[in-house]
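Asker: Quick one: structure below, then a few questions.
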Amino acid sequence: MSFGVRELVLLAVLVAMPMASFVLVFKPQNEAIASARAEIDHRESLLQRHREETARTHNIREENERLESEIGSLEDMLPSNKELSAVIRQVSNIAVRAGLAAPDMETNDPIRAALYWEQPLKMKTTGEFLDFVEFVRSLENLPRLTRIPDLKLQRRKVDEPLEIEFTLSIYFMREEGDR
């Protein structure tokens, strides 16, 4: 068998066909398959994460209703800005009933706190420590949301009453149209 030009061309075409098909067909297909597999893996991981999240809250509607009920009960504890002065008078009365001197109060500008407002009151009073503890207990029993972000207790001399300075923040809801 002799190899001529015709046979060499045929051999070259036979060798070039698989190489060309690999470069032009199989390689792009393999890249597309790898890309599709990566996308599938990514979506499966997202789906798995979603399944884990929904497994924690097996009934989202019940959980939302429970949260709405809790939010509603907290909002019931928030006075409107029109009721705020009554709450301030109530705090002053609680201080006097607990045995403290009538407090000097200084109101600052209300502060926006998420969906609600916070009215800080700087209060100064005098009395005994146990009377102040009774005052704080009574504040905790109020059906309003309050907090004491800072507190300073000082006694100048052993015989003198305790000097008490603190900020009482009362949370409230601004009514529509009020500034």
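What follows is calculated from the coordinates using simple rules that are stated; it is not laboratory data. Fair warning: this is a prediction, and the values are worked out from it, not measured in the lab. All Cβ positions, glycine included, derive from the backbone under ideal geometry; neighbour counts span all protein chains shown.
Asker: Report, by chain and number, residues whose modeled amide H sits under 5 Å from the one on Leu121, excluding near sequence neighbours (fewer than 5 apart, same chain).
Answerer: Leu168, Ser169, Ile170
Asker: Between Ser85 and Glu63, take the C-beta separation as r, use R0 = 35 Å, and let me know the FRET efficiency to the nearest 0.05.
Answerer: My answer for the efficiency is 0.40.
Asker: Another question, then. Determine the distance separating the Cα centre of region 104-179 from the Cα centre of region 1-44; give it in Å without decimals.
Answerer: Taking the Cα centre of each part, region 104-179 and region 1-44 sit 80 Å apart.
Asker: Given a cut-off of under 8 Å on Cα pairs at least six residues apart, what relative contact order in percent is computed for the chain?
Answerer: Relative CO of the chain lands at 19 percent.
Asker: For Ala16 and Arg49, what does the FRET efficiency come to when R0 = 41 Å and r is the distance between their Cβ atoms, rounded to the nearest 0.05?
Answerer: It comes to 0.25.
Asker: Now for a separate question. Over region 79-172, what is the mean sequence separation of C-alpha contacts under 8 Å (at least six apart), divided by residue count, expressed as relative contact order in percent?
Answerer: 31
Asker: Name the residues whose placed amide hydrogens come within less than 5 Å of the amide hydrogen of Leu145, ignoring near sequence neighbours (fewer than 5 apart) on the same chain.
Answerer: For Leu145, the qualifying residues are Tyr171.
Asker: Further, regarding this structure: How are the alpha carbon pair distances in region 79-172 distributed across 10 Å bins from zero to the largest one, expressed in percent?
Answerer: All Cα pairs, binned at 10 Å, distribute as 16, 51, 26, 7, 1 percent.
Asker: While we're here: Of all beta bridges DSSP finds with both residues in the chain, what is the antiparallel percent, to the nearest 5?
Answerer: Percentage antiparallel, nearest 5: 95.
Asker: Which value, to two decimals, describes the C-alpha radius of gyration of the chain once divided by 2.2 N^0.38 Å?
Answerer: Computed over Cα atoms of the chain, the ratio equals 2.39.
Asker: Further, regarding this structure: Most exposed first by the Cβ proxy, i.e. fewest other Cβ within 10 Å, how do Asp131, Asp104 rank?
Answerer: Fewest-to-most ranking of Asp131, Asp104: Asp104, Asp131.
Asker: Oh, and also: Find how much the distance from Phe26 to Asp109 grows on full extension, using 0.36 nm per residue of separation minus their present alpha carbon separation; answer in nm with one decimal.
Answerer: Additional length available on full extension: 22.6 nm.
Asker: Sum up the lysine pairs in the chain that clear both bars: alpha-carbon distance under 30 Å and a spacing of 8 or more or different chains.
Answerer: Number of lysine pairs found: 7.
Asker: OK, next. Provide the convex hull volume over Cα atoms per residue for region 1-56, in Å³.
Answerer: Once divided by residue count, the hull of region 1-56 is 54 Å³.
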